[in-house]
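Please read the structure below before turning to the comments.
The values are calculated or read from the model by the stated rules, or taken from the named source; none is laboratory data. Bear in mind that the values here come from a model prediction, so they are computed numbers and not experimental data. FYI the Cβ positions are ideal-geometry reconstructions off the backbone, even for glycines, and counts take in every protein chain you see.
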Amino acid sequence: MLVVGLFTLEFMSFGGQFRDLSVRSPGACSTLPLNASAEDIQIDRNRSIAYLSSLDRRGLVEGLAVEGTVLQVDLVADPLRTEPALSSAPPGFRPHGMSLYRMGDGKQRLFVISHPEGDEHVIEVFEQNADNRFTHVGSIRDPLLVSPNAIVAVGPQQFYVANDKGDAGFLGRIGESLFRTGLSTVVYFDGESMRVEAERLKSAVGMGLSPDGLTAYVAETLGKRVSVYTRNPLTGDLTFKQHIELDGSPDNINVDADGALWIAVHAKLIDLIRHFGDASHHAPTTLLRYTAGTTTPVYVNDGSEISAGSVGAAFGGRLYMGSITEPQLLICRMR
């Protein structure tokens, strides 16, 4: 009992349960209601469009047979509203992490991680058509997609994927989470085959790429850090460069046009776990901005405004935030 008690206290301390949060907001915020949660957001800065990974994740936690889609929001429209972004989607589509890639001819491809019920994980590839919606053009499966969470596309067929767990059984995965052993990987698909490019990561759940494509970022939830890699654009090889230590457990990363990182952080892991089981129990939402070696908290909330925030992206003087479970998009004007 003593050992269990000490272990519980250690995990609560690591997870930030005893931390006091100072509420912070970049400006006045409003809510765009959604039919499902937007765990990930990708912004097309050329067309001023936000794409939302839309899925009833609360229903998924409760064991419901749900499917999802990708929505789009015209960020210069007034009022803001959601519209379908896909003209077609494969059966059993359950979107998770996403990545946009603009090809040489100006067309875009959208890469989306999907977790079909009772099937293996898959990367679904969509291509933009004449009406600016996306049509499904292919599916990529591989045994190295153990538990894919985040994706970064670097070519019309090439991409990196972060696995948030290692290739272990049920008990092994519990141990991986509780003891933070670091069995996660980042894998690279070169258009023909997949290989491991980074390993021994502590629950890799978010990825980002610098505007020049030469630096890759990986968020490690159980490492409370972002790992930075130098990327070889010819071979796809990743070389570790440094860690960015954080006061909290990071989730998704969005990289701004100027190279700044917008990092969603879970400040209290126990509250996050409780929130999954009880929607009325708030889980704090924090968004950090990292640039030039400095980390700045931009948004901090106890979860009463938006719980379990998993992603944030800045565009046009506004901050857009989505959640793992909450059916809303939080929009804050930045002073």
If you take the residues in segment 220-253 that are among the β-branched types (Val, Ile, Thr) and in contact (Cβ under 8 Å) with a residue 12 or more places away in the chain, which one is farthest from Phe159 (Cα to Cα)?
Ile244
Exclusive hit being in contact (Cβ under 8 Å) with a residue 24 or more places away in the chain, of a type in the set (S, T, N, Q) and surrounded by fewer than 21 Cβ atoms within 10 Å (Cβ to Cβ), set Ser87, Ser53, Ser99, Ser114
Ser87
Looking at segment 171-192, can you tell me whether even one residue there is surrounded by fewer than 17 Cβ atoms within 10 Å (Cβ to Cβ), among the charged types (D, E, K, R), modelled with pLDDT of 95 or more and not in a loop (DSSP other than H, G, I, E, B)?
no
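Within 21 Å of the chain's Cα centre (by Cα) and either assigned to a loop (DSSP other than H, G, I, E, B) or more than 18 Å from Gly68 (Cα to Cα) (or both): is that true of Val146 in this structure?
When the stated conditions are applied, Val146 passes them.
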Filter segment 57-84 for residues that are without any contact (Cβ under 8 Å) to a residue 24 or more places away in the chain and acidic (Asp, Glu); which is nearest to Ile43 (Cα to Cα)?
Glu83
Subset tally (residues that are touching a Ser or Thr at 6+ places or on another chain (Cβ under 8 Å) and either surrounded by fewer than 22 Cβ atoms within 10 Å (Cβ to Cβ) or more than 22 Å from Ser227 (Cβ to Cβ) (or both)) for segment 290-321:
13
